[in-house]
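Have a look at the structure below, then the notes.
Bear in mind these aren't lab numbers, they're just calculated from the coordinates by the rules spelled out. The structure displayed is predicted, hence computed values, not measured ones. No Cβ is skipped: glycine too gets one built from the backbone with ideal geometry, and neighbour counts run over all protein chains shown.
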Amino acid sequence: MALPAALVSALGFGLPVVAVATGAVLFATAGPVASPGGVGVATVWLDSPHEASVLAAGEVPVVVHATADRAPTSLVLVVDGVVVGERPAGAPVLGRLVEAIIPWQATVGPHTLQARAGDLASPIVPVVVVSPSGSAPTAAPTAVPTLSGPTSTATAMPTAATPPTTATKPSTTRPPATSPTTSPPTTKPSTSTVVPAPVVTSVTLSPTAVDVAPGCLTAVMGISAKVTGSVTSVKFTWVAGTTSGSGSLTNAGSGTWTGSINFGALSQPADMGPVTITVTATNPTGSGSRQAAGTIVNCKP
């Protein structure tokens with residue numbers, strides 16, 4: 001997973017962006033960049049939208065990554081078998097990993113998305129686009145059938161004549177000097193609504209296992225989280241044995257927040273074994289969080 005291209009470019013790929021109390025430094029590089037021993041694995045994948053996503057019609061930013069021995073110069077988006085957009089790839093990370101964000105004008109209905117870079121192609125990702133409001137369309141109401149056959153027309157019944165009444169003298173009582181008034185309510189009903197706390201629906205690590213021995217280039221673990229609701233900030237913490245750290249994720253659009261940890265560049269190496277990453281989304285009402293588990297191993301070229 002990766003940061004948006006603009007942010008990655010501004011950071012210069014690999015400059016430290018946050019220092020934690022333990023002395024650990026997090027780097028803003030992203031995604032798997034090589035296999036152990038420096039042998040490259042050529043591949044293309046979509047970071048967003050995810051498989052089986054339900055999207056609103058309109059412009060959808062599609063985040064594409066690719067890695068190969070020789071970094072591609074451009075990435076192509078194919079929807080339903082037709083090329084709908086192409087963007088130049090950003091500056092490669094470690095000479096291999098590139099990213100591009102390709103806008104897609106989504107229309108209502110089911111679609112399949114795929115990314116290409118030269119002769120490489122990503123897996124096909126099925127998504128569903130619904131009405132512009134972002135909710136599933138509902139069936140239109142059907143007309144109520146009318147009964148056939150003769151109908152009867154109601155006729156007004158004659159009313160009896162009202163007998164004359166005895167004439168009365170007009171009242172000489174004067175109306176009151178002032179008419180009663182109705183006081184308006186002293187307070188207006190509140191129209192404010194409470195914004196619910198955000199929900200972290202999923203957290204994905206890529207790769208789930210990283211090597212941290214000197215000389216290995218796959219110590220970067222990417223983080224991608226899906227968040228629904230109003231969000232002020234999305235942060236993450238990680239714990240590996242007695243070592244821990246924290247950082248922030250960046251909004252990649254469509255409810256996706258991304259970031260990464262370069263375990264191989266930490267001034268205090270992370271412990272070998274399991275690593276737990278917790279993503280927490282916050283707004284003024286409250287917060288929601290979700291965890292994902294990975295592994296830190298020794299590189300054996």
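Points to keep in mind about this one:
- When each of 195, 125 is scored by the number of other beta-carbon atoms lying within 10 Å, the sequence from fewest to most is 195, 125.
- Protection proxy ranking, highest mean first, for peptides 90-96, 280-286: 90-96, 280-286, where packing is the per-residue count of other beta-carbon atoms within 10 Å, averaged.
- Between residue 54 and residue 298, the simple spin-label model (points 7 angstrom out along Cα→Cβ) gives 4.9 nm.
- Taken over the stretch 236-281, the convex hull of the Cα atoms encloses 78 Å³ per residue.
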